[in-house]
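Before any comments, here is the structure.
The values are calculated or read from the model by the stated rules, or taken from the named source; none is laboratory data. What you see is a predicted model, and the numbers here were worked out from it, not measured in a lab. Because the Cβ atoms are built from the backbone with ideal geometry, glycine has one as well, and the counts that use them run over all protein chains shown.
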Amino acid sequence: MPTARSSSIQQAKKTLADRLRELRTDAGLDGKTLAQRCGWHPSKVSRISTARTAPSEEDIRAWCRACEREDLTADLIASLLAVEGMWVEWHRVERGGLRRPQEAVLPLFERTSRFRSYSSWLVPGLLQTHEYTADVLRAVQRRRVPVDDVADAVAVRIERQRVLYEGHRRFAFLLEEAVLRNSLGDVDTQVAQLEHLTQVAALPNVSMGVVPTRLGRPRMPVESFWVFDSTQVNVELVTGHLTITQPSEVSTYANTFATFADMAAYGAKARALISRARDSFT
């Protein structure tokens, strides 16, 4: 699997650096001349051109002015913002509370036709009960969010679950067996959550697989992730949120999902694993 920050981001940074370097070349400027026009040390041009240093918005404006191509400024700044948006630290996106981040992903869910979700630690949001969601988001709020709007955030996440029942969307969920026994809440919350899983699994547009815990498995668990159609992967990490759109990396995650899908139990076997976990709480 790709590293935490992902080669997608590195590739996007390199693409932006290549565009800036081509702009300088097309203008007939060497690095020293460009640096003089921008009022920079020549090493800064070299670092930006080789993607060792990310440019700021003002750097791009100065670069375009020096190359007499200010018509490209807006496009290049948009590329920069896209790169920056691929990796978003939690403290940035959640500093105003948890409700807005929940709302921000709704357009993605609404335009997606095929969902693939692999979870190695918690029940995915689309499958969570109200009480389970409240426990999860309360734990997040206590750990890293100064604003307490948990009730509003829970309402938004639960409302988003309507995508399960609307349109012609297809959903494939894979849960590690350990997820069935992991809970931040009490016994009643976990039992209700497990019963809800079996109800959602019965929907005709939903595939539910449980990857059994066993010795000698061919692949160990990885970070939880979502694949949206075949165009985007979202990964939640400890420090931030990663968005992957590089086709080769999206394919890698899709292939990883397929590997775990081959290892999973479905139908009666999956229900038996869920029932066994539920019975362990009662």
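Among the candidates PRO212, PRO218, PRO247, which residue alone is over 14 Å from THR112 (Cβ atoms), modelled with pLDDT under 95 and touching a helix residue (DSSP H, G or I) at 6+ places or on another chain (Cβ under 9 Å)? First the steps, then the outcome.
Details: PRO212 fails: modelled with pLDDT under 95; PRO247 fails: touching a helix residue (DSSP H, G or I) at 6+ places or on another chain (Cβ under 9 Å).
When all the criteria are applied, what remains is PRO218.
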Self-check item: Which listed residue, of THR198, THR245, THR259, THR252, is within 22 Å of ALA104 (Cβ to Cβ) and in contact (Cβ under 8 Å) with a residue 40 or more places away in the chain
Solution: THR245
Exercise. Would you check which residues across the range 213-233 are over 13 Å from GLU176 (Cβ atoms) and touching a residue at least 12 places away in the same chain (Cβ under 8 Å) and list them?
Key: PRO218, TRP226, VAL227, PHE228, ASP229, SER230, THR231, GLN232, VAL233
Exercise. Collect the residues in the range 265-282 that are assigned to a helix (DSSP H, G or I) and closer than 15 Å to SER183 by Cα, keeping them in residue-number order.
Key: ILE274, ALA277, ARG278, ASP279, SER280
Exercise. For the range 124-140, state whether one or more residues are polar (S, T, N, Q), touching a Gly at 6+ places or on another chain (Cβ under 8 Å) and assigned to a helix (DSSP H, G or I).
Key: yes
Quiz item: Looking at ASN234, ASN255, which is the one that is exposed (fewer than 14 other Cβ atoms within 10 Å of the Cβ), under 29 Å from LYS13 (Cα atoms) and assigned by TED's automatic domain parsing to the domain that holds PRO107?
Solution: ASN255
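Could you please find all residues in the range 170-216 being in a helix (DSSP H, G or I), in contact with a Gly (Cβ under 9 Å, 6 or more places away or on another chain) and closer than 17 Å to SER120 by Cβ?
Passing the criteria: only GLN193.
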Quiz item: From the list ARG37, ARG47, which one is in contact with a Ser or Thr (Cβ under 6 Å, 6 or more places away or on another chain), surrounded by 13 or more Cβ atoms within 10 Å (Cβ to Cβ) and not assigned by TED's automatic domain parsing to the domain that holds ALA153?
Solution: ARG47
Quiz item: Within the range 254-270, how many residues are in contact with a strand residue (DSSP E or B) (Cβ under 9 Å, 6 or more places away or on another chain) and of a type in the set (D, E, K, R)?
Solution: 1
Practice problem: Under 6 Å between Cβ atoms, at least 6 apart or on separate chains: pull out the pairs that start in the range 66-85 with a residue that is in the same structural domain as GLY28 (by TED's automatic domain parsing) and closer than 21 Å to ALA12 by Cα and end on any residue that is β-branched (Val, Ile, Thr) and surrounded by 14 or more Cβ atoms within 10 Å (Cβ to Cβ). | Solution: LEU76/ILE60; ILE77/ILE60
